Amino acid sequence: MTEVVGGPSVPEPSEIRALKQCLLCRNHSREQHGVAASCLEELRSKACDILAIDKSLAPVTLVLAEDGTIVDDDDYFLCLPANTKFVALAGNEKWAYNNSDGGTAWITQESFDGDETDSGAGLKWKNVARQLKEDLSSIILLSEEDLQMLIDVPCSELAQELSQSRVAVQGLQNTLQQVLDQREEARQSKQLLELYLRALEKEGSILLKQQESKAGVGDERDAVDTGIGESSSEIALTSQILNALKEKLAPELSLSSKDLELVAKEDPKALAVALNWDIKKTEAVQQTCNQELSLRLQQVQSLYSLRSISARRSSLPGEVQNPKQARRDPT
C-alpha cells in the first residue's frame, strides 16, 4: 500500500495517486537510485532515507537533473515522464549544469572540477586528431593551440587514435612542431620588421627637423652646401644625404624612406654635379634608392594587412586569447 503524507485523515480512493518511477542522485556522487513515489513529499522523504541526507540539512529541494528546474508542485510532478532524474539539494547547495556525461546534469564539487577539465581536454585533442585523419592538409588550418596540444599528446595515444604506427605518428608530431616553429619565426620576423620601420621613421623625423633647422638659419647663406659646387644650390638634398651617398656602402640602407624619395626624385644631372659623379653612376644610385623605397612601402603595406587580419580574428567569438606556444616571444 502506498503511504500518503500530508493529512491526518484517510484519503478517499479517488484521491490515491499512482506511483511514479523516478531516479534520485546527490550532488557529489554519480550513483543514482530508482524509487517510486506518489507525490513530492514522499519523494523527498525517500530521498533523505536512500541518499543518507542529514535531517538537519532540511529542507531538501528536488530539481530536474536535466536543467535544474525546481520541482515543488505536485501537479507538475505528475506531468513528468517516468524515470525522470532528480538531484536532491540539501541546505544551501546550488545546482549547476554539466554535460560531461552525455547530457546528464550533475552538481559537481571542487574535487570533480579537475576531472571534468581533463576529460574535456582529452576529448578536444581527439577531435583535432580525427580532423587530421580525414585530411592531413588541415594542419595549415590548425591554430597554434591545437598544434601544441597534438604535440603534447603521448605518441602511443595519438598513434592509437589515428590507427598509425608510433614511427609514423612521431614523424607527424615532428612536422607539427616544424609548422609551429615556422609560425613563431614568422611572428618574430614581423616584429623585427616593425621595429626596423619604426627606427627608420624616427630617423627620418630627426633628419627632417635638422633640415628645417638649417633652412631657418639664413635665406641667402643657406645654399645647401657652398663647398659642393655652384649647381648644388639647385638640389633639395641636405649635406647629410649627400655625404651618405658619397661615403656609405649601399647608402640606400642608411637613408630614411623620405630621404630615399628625395634622392629618387632629384634631377640626375644636378645630383651628378653635386656628388661630382658621372651621370651613369648617379642614375644607378637613384635606381637603387627607388627600389629600396618600393620594397619598404610593400613591407609597410603587408604589415598593415597583417594587423587588419589579426584585428578581425581577435574580434571573432570563441578565439583563444592566450595560445600555447613552443617558443617565447623575444623581449
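The values are calculated or read from the model by the stated rules, or taken from the named source; none is laboratory data. This one's a predicted model, so the numbers in the text were calculated from it and none came from an experiment. Here the Cβ positions follow ideal geometry from the backbone for every residue, glycine too, while neighbour counts run over all protein chains shown.
The table below lists the values:
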| item | result |
| --- | --- |
| Every pair of residues 6+ apart whose Cβ atoms lie under 8 Å, when the first sits in region 59-85 and is not assigned by the TED database to the domain that holds R26 while the second is of a type outside the set (S, T, Y) and part of a strand (DSSP E or B) | none |
| Selection count where residues are assigned to a loop (DSSP other than H, G, I, E, B) and touching a residue at least 12 places away in the same chain (Cβ under 8 Å), scope region 133-188 | 4 |
| Selection within region 130-150 - within 11 Å of L176 (Cβ to Cβ) and either small (G, A, S) or within 18 Å of the chain's Cα centre (by Cα) (or both) | I139, L142, E144, D146, L147, Q148, M149, L150 |
| Test result for L249, under 26 Å from S294 (Cβ atoms), modelled with pLDDT of 75 or more and among the aliphatic types (A, V, I, L, M) | no |
| Of all residues making up region 207-239, the number that are farther than 16 Å from Q286 by Cα and modelled with pLDDT of 65 or more | 11 |
